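**Student:** This is the structure I have questions about; it appears just below.
Nothing in this text is a laboratory measurement; each read-out follows from the coordinates by a stated rule. Here the structure is a predicted model, which is why all the values come from computation and not from measurement. As a convention, Cβ positions derive from the backbone with ideal geometry for all residues, glycine included, and neighbour counts pool all protein chains shown.
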């Protein structure tokens, strides 16, 4: 004889999902990802914030000097920021060439000799200039790279401000 299924069904037991093995695998994967990741060294370029001053009679001297270094893709321009007068233009064909960096450093040394009390430089760079090239120019702005220089004369311009 054929049995008719009863209206009552068997209650199924609900088994909760066991998350412990999944969490174990996730933590082990995180550990291996962190262990195999390449850690990058981050460098910082020190820069001073621009100083805003109220103009005084002392600021309006005719002989006042403030150096501006403009870094373009093919040249470095050294100008008197206050007067807008071009002091020197250094053409750059190859940024990796030591002679180019020596020319930049020598020009900055001669400017520092004529204005020994000046420590401030305003730097501006085109977007097409690579980060490495800008850092090389900043190194030359900060330090005197000539051989046989006394330790106290090693620094050229200590305050570097960036202009957009």
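**Student:** Of 130, 36, how do they rank once you tally other Cβ atoms within 10 Å and put the fewest first?
**Tutor:** With the fewest neighbours first, 130, 36 line up as 36, 130.
**Student:** Still on this structure, please answer the following. Ranked highest first by the average count of other Cβ atoms within 10 Å around their residues, in what order do 70-83, 19-32 fall?
**Tutor:** 70-83, 19-32
**Student:** How would 66, 98 line up from fewest to most surrounding beta-carbon atoms within 10 angstrom?
**Tutor:** Neighbour counts put them in this order, fewest first: 98, 66.
**Student:** Another question, if that's okay. Tell me the label-point distance for the pair residue 80, residue 35, using the 7 Å Cα-to-Cβ offset, in nm and rounded to one decimal.
**Tutor:** It works out to 6.5 nm between the two label points.
**Student:** Limiting things to C-alpha atoms, what are the Rg and the maximum Cα-Cα separation (Dmax) for segment 64-162, in angstroms?
**Tutor:** Taking only Cα atoms of segment 64-162, I get Rg and Dmax of 12.6, 36 Å.
**Student:** Right, here's the next one. How far apart, in nanometres, would the label points at residue 146 and residue 24 be if each is projected 7 angstrom from Cα along the Cα-to-Cβ direction?
**Tutor:** Modelled inter-label distance: 7.1 nm.
**Student:** From the C-alpha coordinates alone, can you work out the Kirkwood hydrodynamic radius of segment 124-164, in Å?
**Tutor:** 11.5 Å
**Student:** Listing 142, 12 from the residue with the fewest other Cβ atoms within 10 Å to the one with the most, what is the order?
**Tutor:** 12, 142
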